[in-house]
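What follows is a set of notes on a single structure, which appears directly below.
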Amino acid sequence: MPQAKTCLECNDPIKGRADKKFCSDQCRNAYNNQLNSDENSFVRNTNNALRKNRRILAEVLKDKSDGKGITNLKALSKEGFNFDLMTSIYVTKSNESYYFNYEFGYKKLENDLLMVVKKKE
């Protein structure tokens, strides 16, 4: 008599189809969530940092009707802005780089100043 298959998550015996790997949907979900937790954690933390950057840039422009504002590097750093993360880089025809976090971006100016902009829809 063949040995009974056991659930990959809880090791309970499995009843049903021969190719079944889990005893229930809960065990299947728990197994796959655990398997992907490191990857999901990295993605979640990166997305949270990008959203934080976006909120910080949006705050600089909150009272600016033209979608442009000036701030300095220290002010953004003090708020916890992560300069290593961005969603895109836009290079102008004059070879100036804007670093974007979603629709908000910044361009480096002189003396640690930054011009913050919002993309037009």
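A few remarks follow.
- Subset of the range 12-47 (residues that are in contact with a helix residue (DSSP H, G or I) (Cβ under 7 Å, 6 or more places away or on another chain) and either closer than 30 Å to Phe81 by Cβ or of a type in the set (Gly, Ala, Ser) (or both)): none
- Scanning the range 68-97 for residues that are surrounded by 15 or more Cβ atoms within 10 Å (Cβ to Cβ) and either touching an Asp or Glu at 6+ places or on another chain (Cβ under 7 Å) or farther than 19 Å from Ala49 by Cβ (or both) turns up Gly69, Leu73.
- Residue pairs meeting the criteria (Cβ under 9 Å; at least 6 apart or on separate chains; first more than 11 Å from Cys27 (Cα to Cα) and modelled with pLDDT under 95, in the range 1-14; second of a type in the set (Lys, Arg) and assigned to a loop (DSSP other than H, G, I, E, B)): Ala4/Lys15; Lys5/Lys20; Lys5/Lys21; Pro13/Lys5; Ile14/Lys5; Ile14/Lys20; Ile14/Lys21
- Qualifying residue in the range 31-45 (condition: in a helix (DSSP H, G or I) and surrounded by 14 or more Cβ atoms within 10 Å (Cβ to Cβ)): yes
The values are calculated or read from the model by the stated rules, or taken from the named source; none is laboratory data. In this text, all values refer to a predicted model and were calculated from it rather than measured experimentally. As a convention, Cβ positions derive from the backbone with ideal geometry for all residues, glycine included, and neighbour counts pool all protein chains shown.
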